[in-house]
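Chemist: Submitted below is the structure of interest, expressed as C-alpha cells.
Readers should treat all values here as calculations from the given coordinates under stated rules, not as data from a laboratory. The structure presented is a predicted model; accordingly, all values stated were derived computationally and were not measured. In this analysis, Cβ positions are derived from the backbone assuming ideal geometry, glycine residues included, and neighbour counts consider all displayed protein chains.
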Amino acid sequence: MSGTKVLISACLMGERVRYDGSSRPVFHAVLDQWQADGRVIAQCPETLGGLLVPRPAAEIEAGFDGKDIYHEQGKVITKQGHNVSQYFVRGARRIVELVKENNIKVAILKANSPSCGNEKIYTGTFERQLRDGQGVTAAALTEAGVKVFNEHQLDEAQRYIQQLDDQCESQLETA
Ligand code: SF4
C-alpha cells in the first residue's frame, strides 16, 4: 500500500537537524500508519538549502513573512544580525521541486519555525513571541498547491489524505 505521499519535517521524524542539533520527534498512531504504508518522505529545508547543524537561530524580520521572503522581500536574520535569507529560499525551492517530482499534495511541517511554520512564526525580536504567518517553505508549498499541516494537526491531515485517496480511487473506477 502506498497512496498519497506525505512530506514531513525531518526533525519531527527524529532527525537531529534543528539549529541546536536537536530533534522534535512525534509519536502518533497516524504517523506509524503512514510509515507502514510507505507514504513518508522526510526532509529539512534549512539543511537542504545549505545550512549546517548546529547553526545560529534565525527569525523572519518584523513586517515580513515567509511568502515575502520566498519572493525576495525582507530578510531572515540570525540573532547576530546576519542575513541568511538565501539559504531559506534555496531550501524552499528544493522542497517545491521535491514535491513536484513526487506528486506530494500534503505536508506536515514543524509548527512556528521560520521555514516550516504553517500558521505562526516568531516576531523577529528573538523574544520567543509568536505572530500570525507562515515560514518560507510552508508559504512556498502553499503557493504550489500543497496542503500544509503541523504536528498538532495529524488527525485533520489524515482525514484530508483519506479524501484524496477516495477521489483518486473513484477517478480510477470511472476511467
Ligand atoms: S527547517 Fe523545518 S525540518 Fe528543518 S529543523 Fe527546522 S523545523 Fe525541522
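Chemist: Please check which bits of the range 135-175 a label hung off GLN33 would reach, taking the label as a point 7 Å along Cα-to-C-beta and the cut-off as backbone N under 16 Å.
Modeler: Counting backbone N atoms under 16 Å from the label point, the list is 153-167.
Chemist: GLU15: net charge of surrounding residues, Cβ under 13 Å, Lys/Arg +1, Asp/Glu -1, itself excluded?
Modeler: +3
Chemist: Where does each of 53-63, 129-139 land if you order them by average Cβ count within 10 Å, highest first?
Modeler: Highest mean packing first, the order is 129-139, 53-63.
Chemist: Then there is this: For Cα pairs less than 8 Å apart in space and 6+ apart in sequence, what is the mean separation divided by the residue count of the range 6-174, i.e. the relative contact order in percent?
Modeler: The normalised contact order for the range 6-174 reaches 22 percent.
Chemist: In nm, what is the difference between 0.36 nm times the number of residues separating ASP165 and ALA144 and their Cα-Cα distance?
Modeler: So the chain would gain 5.6 nm between ASP165 and ALA144.
Chemist: How big is the chain along each principal axis, measuring the range of its Cα positions in Å and listing the largest first?
Modeler: Extents along the principal axes: 56, 30, 26 Å.
Chemist: Quick check: Cα centre of the range 13-29 to Cα centre of the range 58-91, how many Å?
Modeler: Value for the Cα centre distance between the two parts: 23 Å.
Chemist: Here is a further query. Looking only at the range 6-174, where both bridge partners belong to it, what percent of the DSSP beta bridges are antiparallel (to the nearest 5)?
Modeler: 35 percent
Chemist: Output needed for the range 69-152: three equivalent-ellipsoid semi-axes, defined as square roots of 5 times the C-alpha gyration tensor eigenvalues, in descending order, whole Å.
Modeler: 22, 15, 9
Chemist: What is the local net charge at LYS67, summed over the other residues whose Cβ is closer than 15 Å to its Cβ (Lys, Arg +1; Asp, Glu -1)?
Modeler: -3
Chemist: Using a 10 angstrom cutoff on alpha carbons, build the Gaussian network for the chain and name the most mobile of VAL148, VAL26, VAL106.
Modeler: It is VAL26.
Chemist: Once you have the Cα-Cα distance between HIS82 and ALA62, take 0.36 nm times their residue separation minus that, and quote the gain in nm to one decimal.
Modeler: This chain segment gains 5.7 nm when fully extended.
Chemist: If you build a Gaussian network model of the chain, linking Cα atoms that sit under 10 Å apart, which residue out of ASN102, ASN118, ASN150 swings the most?
Modeler: ASN102
Chemist: Can you flag which of LYS5/LYS105; LYS75/LYS147; LYS5/LYS120 are past 18 Å Cα-Cα?
Modeler: Checking Cα-Cα distances, LYS75/LYS147; LYS5/LYS120 exceed 18 Å.
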